[in-house]
Amino acid sequence: MSGRISSRFLLFVGLLAGLGNAGLQVYPPVLNTTSMVATVTWTGVAHPNADDYIEATPKGHMLWSHSFHTKKVSTCTKWQTGNCSVWFVVMHVNKDYEFRYISKPHNQVLHSFILPAPDYPLFAYLAPTKRPNELQLVWTLRALTNGEARYGTDPANLKHLATAKAWQEPYRDKCKPLWGTYSVRYTAVLTDLVPGQTYYYIYGSSQTGLWSSVRSFQGPPDHNSQVNILLTADTTPDHLDSSAGRDVNSRMARHLYDQVNKRQGTLLFLNGDLSYAKQQYEWMHWWAPYEAVATRIPLITSKGNHDCASLYNLYFPMIEDEKKKEPAEDAHVTNFFSFDHGPVHFIVLNLHVGLGVCTPECIKRQKAWLAVDLAAVNRSQTPWIIVGSHLPFYTTWTPWWTKQESIKRTQELDPLLEEYHVDLTIGAHVHQYERTCRVLNETCVEDGEHYGIVHTVVGTGGRAKHEFSSSEHWIRNRYLVKGYARIKADHTTLQWEYVYTQPDNLDGSDPFPPGAVLDSFTLIKPNPNKMSHVSSSSQLMVPPKQPLKFWSGFPHMYDNPWLLWQQFSKMIGRVLHANLSLISDEV
């Protein structure tokens with residue numbers, strides 16, 4: 001016994017002696033942006049083990065599946081030399097980071113490095129207001145101070161000042177972060193903007209000296225301008241190591257950013273279930289790729305059933321509308337609004353009952369508000385009316401509670417939408433793409449005397465797909481691959497395109513070229529006050545049949561037992577040739 005103890009002790013002492021000179025450095029040495037790629041370098045490790053790893057953790061963390069991330073040192077090709085580097089994507093969460101070299105098999109911390117994260121303006125985006133010559137600028141800071149935005153047409157002379165209002169959400173629901181505190185949200189309104197004019201701006205605080213870098217945007221379009229609306233929904237954070245097949249969020253954001261760079265984007269619509277985040281770190285991890293888009297063009301969002309009230313309301317206040325007259329105590333379950341974007345009157349509804357999103361009373365108020373809003377639309381200025389809602393109006397996906405809820409909402413609101421000749425609805429929630437014919441009373445109508453509404457579902461922003469269920473006579477196209485939609489509209493035409501971005505499977509095989517247009521149609525208004533005619537110009541490309549993969553989707557389900565169970569059930573259903581539709585927490 002004593003001999004075994006002595007040998008273990010000598011081994012322990014030997015490891016300490018061999019690893020005691022190890023050093024750890026991180027570059028850049030300060031985290032002063034929303035996110036950055038940090039290079040972690042270690043030196044002097046005498047006896048590295050292939051299972052040794054680097055751990056990055058916000059200080060004061062609590063253990064959680066996404067609270068911290070690790071990388072094995074063996075991911076570096078020269079790890080056996082004891083001197084090597086790996087990289088991490090780190091998010092600013094109002095906490096310093098601690099990086100540690102962990103030695104196996106004894107889980108010894110050889111060395112650590114503290115990466116300071118000073119207060120910095122985070123989670124910034126532009127948003128429309130009720131006035132066409134204004135934009136709202138939103139950002140957060142850790143400190144409660146004097147928020148300000150400075151802007152102008154010359155980046156060297158930002159002569160206009162906008163004072164921000166500050167607001168802080170109290171802790172009250174399951175989405176409270178596991179470390180740190182909620183940030184303070186600042187909202188400033190940029191006024192007297194000229195359509196199409198390039199403006200430069202910064203935001204932060206003159207009192208603390210914390211300012212963003214200089215950014216730019218174009219003045220919002222007027223009623224005579226052409227607009228380009230980009231939209232997707234049901235997005236999800238990348239895997240923390242950005243490994244192959246798990247960078248869907250950043251890839252989607254890059255596609256959207258490319259559109260903005262080509263001047264093909266004037267508005268971004270993220271239609272609910274924004275991140276499936278359970279804590280602040282995940283929100284920041286999801287948001288980082290989108291900030292580059294939403295600080296160039298205005299953003300609007302809808303609330304989905306997975307968007308927790310506290311963090312959603314903190315980050316996405318959206319448009320204030322005095323006509324709604326919401327009771328203060330019920331403000332966190334409403335989130336519906338409208339605004340004009342060029343020739344489009346855009347309405348966003350919140351139709352989920354329960355799940356912490358809305359209530360029957362909330363639905364009743366929305367219907368009354370919607371009737372007033374639609375009646376006030378000036379069709380000579382905004383000939384197009386688009387209604388967005390995370391819950392779709394029409395879908396072929398058959399889990400009973402989703403379809404029944406959609407049917408109920410359709411029955412309640414369809415007559416109102418048809419009475420005021422709404423042109424298009426945009427839904428999500430179902431993780432697939434669907435597009436109907438022009439529908440009137442659940443019946444397809446052709447060009448002619450009758451008016452119909454085109455209904456779409458774009459829930460393909462990144463979350464695991466929902467397999468197709470039964471079809472319906474009013475469906476014209478549907479896909480299971482990830483992508484986004486873009487709308488180009490002027491006073492007489494509205495063109496819709498669904499664009500492929502990446503496959504749903506993790507092996508990365510592309511059934512289409514990235515950027516391919518899978519579905520398109522055009523609505524035409526010879527007279528702004530009369531009906532639309534639909535002209536389908538779809539170029540339908542059928543993907544090659546994929547071999548049956550029983551385990552497809554399992555690798556990225558490891559941290560979610562509900563989704564794992566759903567995938568397992570699908571596997572059994574394929575084997576038995578049964579059509580199993582199980583209720584899942586990941587709808």
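Coordinate-derived values only; no laboratory data. The structure displayed is predicted, hence computed values, not measured ones. Quick reminder, even Gly has a Cβ in these numbers, built from the backbone with ideal geometry, and neighbours come from all protein chains shown.
Working note: Karplus 6.51/-1.76/1.60 with θ = phi - 60° gives the stretch 226-232 the couplings 7, 10, 10, 9, 10, 8, 7 Hz, where Gly and Pro are set to x. Could you state the number of Å between the C-alpha centres of the stretch 104-160 and the stretch 423-486? Measuring centre to centre over Cα atoms gives 37 Å.
Phi angles of the stretch 186-200 translate, via the Karplus equation with coefficients 6.51, -1.76, 1.60 and θ = phi - 60°, into HN-Hα couplings of 10, 10, 10, 9, 8, 10, 6, 8, 9, x, x, 6, 7, 10, 10 Hz per residue; Gly and Pro are given as x. Ranked by how many other Cβ atoms sit within 10 Å of their own Cβ, fewest first, the residues Tyr200, Tyr151, Tyr27 fall in the order Tyr27, Tyr200, Tyr151. For the set Lys367/Lys488; Lys367/Lys408; Lys72/Lys104; Lys95/Lys303; Lys303/Lys367, the pairs lying more than 19 angstrom apart at their alpha carbons are Lys367/Lys488; Lys95/Lys303. Taking each residue as 0.36 nm, the span from Thr198 to Phe468 lengthens on full extension beyond its C-alpha to C-alpha distance by 92.8 nm.
Charge dipole of the stretch 419-503 (Cα centre as origin; +1 on each Lys and Arg Cβ, -1 on each Asp and Glu Cβ, all else neutral): 600 debye, rounded to the nearest 20.
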